[in-house]
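Comments concern the structure below.
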Amino acid sequence: MDGKALAARVREEVARDVAELGSLGLATILVGDDPASDVYVRLKHKDAAEVGIRTFDKRLPADTPQDEVLALVEEANADDGIDGLLVQTPVPGHLDEFAILSAVRPEKDVDGLTPHNAGLLYLGRNGHIGATPLGVMRMLAEYRIPTAGARAVVLGRSPIVGKPMAFLLLQANATVTVCHSRTEDLMRHTLDADILVAAVGVPHLVTREMVKAHATVVDVGITRTDAGLVGDVDPSVADVAGHLTPVPGGVGPMTRAMLLHSTVRAARYRRGLLPLP
Ligand code: NAP
């Protein structure tokens, strides 16, 4: 499944929406100088600028106290020029990440990590949802992968990928199993999957013996190695899978495009064009 090509189409849609809605803003808050987070933030700004979304790059030193981080979140919440707002994670260890993420106004919470948006997903009344699971669902829809009645297995249960992924597949009427680091006999579960989503961060964890013939395999994992970016799925899975997302060029570009899509959604919430449940 070609995430790069589909992402290009999503960006075109977003550019049209931006032109229709007028000025839109996306702000990121980065605490500290983690190099990987710095790369992610830069890419978000580049992507947004390309579709005409204004960006705000807010940075604080690694030792910033909790109240100062919260004050910056509040400032961004109150800023009318900012539609989408995200705090890059992980934040430095002395900070209370849950409290900081929870402080983002739900309308602006494009990562879907506030209790309000996460709770809406749980209740099946979707508000903002993280860009990665949204991107995966969009890919499944574009490639007409049947979800109703399908057996879906999600590897990983993080709040940013695994859990929202599982809830979206459940909403799409799949029968969902969630596996994690304490799951025994992973293969017993994966072999049953019509749709297998790997969001673990262990290079090539999923081998061809673990995949049912003609299954749809979505590789969310990204690990940086000397040889480049490596996914959770061994390339030999291509021999058995019906559909497979490559790394790079699969979920990564879709995640980047769907963040822009979510910024448009944030703008619609904020302008009263769409009610946030
Ligand atoms: P995370 O917070 O570290 O969560 C990893 C999950 O994998 C946890 O639930 C963990 O289980 C589970 N796990 C660890 N080892 C396992 C094993 N051997 N077998 C089964 N499950 C295992 O990571 P994340 O933020 O969800 O990200 C997951 C991966 O996706 C990472 O490689 C990340 O870089 C990548 N990612 C990619 C994109 C993209 O755009 N392509 C976006 C976001 C993340 P426990 O809960 O028991 O610890």
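The values are calculated or read from the model by the stated rules, or taken from the named source; none is laboratory data. All values reported here derive from a predicted model rather than from experimental measurement. Here Cβ is always computed from backbone atoms with ideal geometry, including for glycine, and neighbour counts include all displayed protein chains. We work out accessible area using only protein heavy atoms, side chains counted, and drop any ligands, DNA or RNA first. Shrake-Rupley method; radii C 1.70, N 1.55, O 1.52, S 1.80 Å.
Below is a table of values for the structure above.
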{"item": "Complete set of residues in the stretch 211-239 that are more than 10 Å from the ligand (Cβ to nearest atom) and under 23 Å from residue 137 (Cβ atoms)", "result": "211, 212, 214, 215, 216, 217, 233, 237, 238"}
{"item": "Any hit, the stretch 188-197, residues being outside any loop (DSSP other than H, G, I, E, B), touching a Cys at 6+ places or on another chain (Cβ under 6 Å) and within 16 Å of the ligand (Cβ to nearest atom)", "result": "yes"}
{"item": "Residue list for the stretch 15-39, filter: under 17 Å from the mean Cα position of the chain (by Cα), in a helix (DSSP H, G or I) and crowded, with 16+ Cβ neighbours inside 10 Å", "result": "37"}
{"item": "Residue that is nearest to residue 125 (Cα to Cα), among those in the stretch 160-186 that are part of a loop (DSSP other than H, G, I, E, B) and open to solvent by less than 90 Å² (accessible area, probe 1.4 Å)", "result": "172"}
{"item": "Matching residues in the stretch 240-277 - criterion: being of a type in the set (Lys, Arg) and away from the ligand (no atom under 16 Å from the Cβ)", "result": "265, 268, 270, 271"}
{"item": "Of the criteria (1) free of Cβ contacts under 8 Å to residues at least 40 places away in the same chain; (2) in a loop (DSSP other than H, G, I, E, B); (3) among the aliphatic types (A, V, I, L, M); (4) within 9 Å of the ligand (Cβ to nearest atom), which one residue 148 fails", "result": "(4)"}
{"item": "Residue within the stretch 138-145 that is within 12 Å of the ligand (Cβ to nearest atom), at pLDDT 95 or above, crowded, with 19+ Cβ neighbours inside 10 Å and of a type in the set (A, V, I, L, M, F, W, C) present", "result": "yes"}
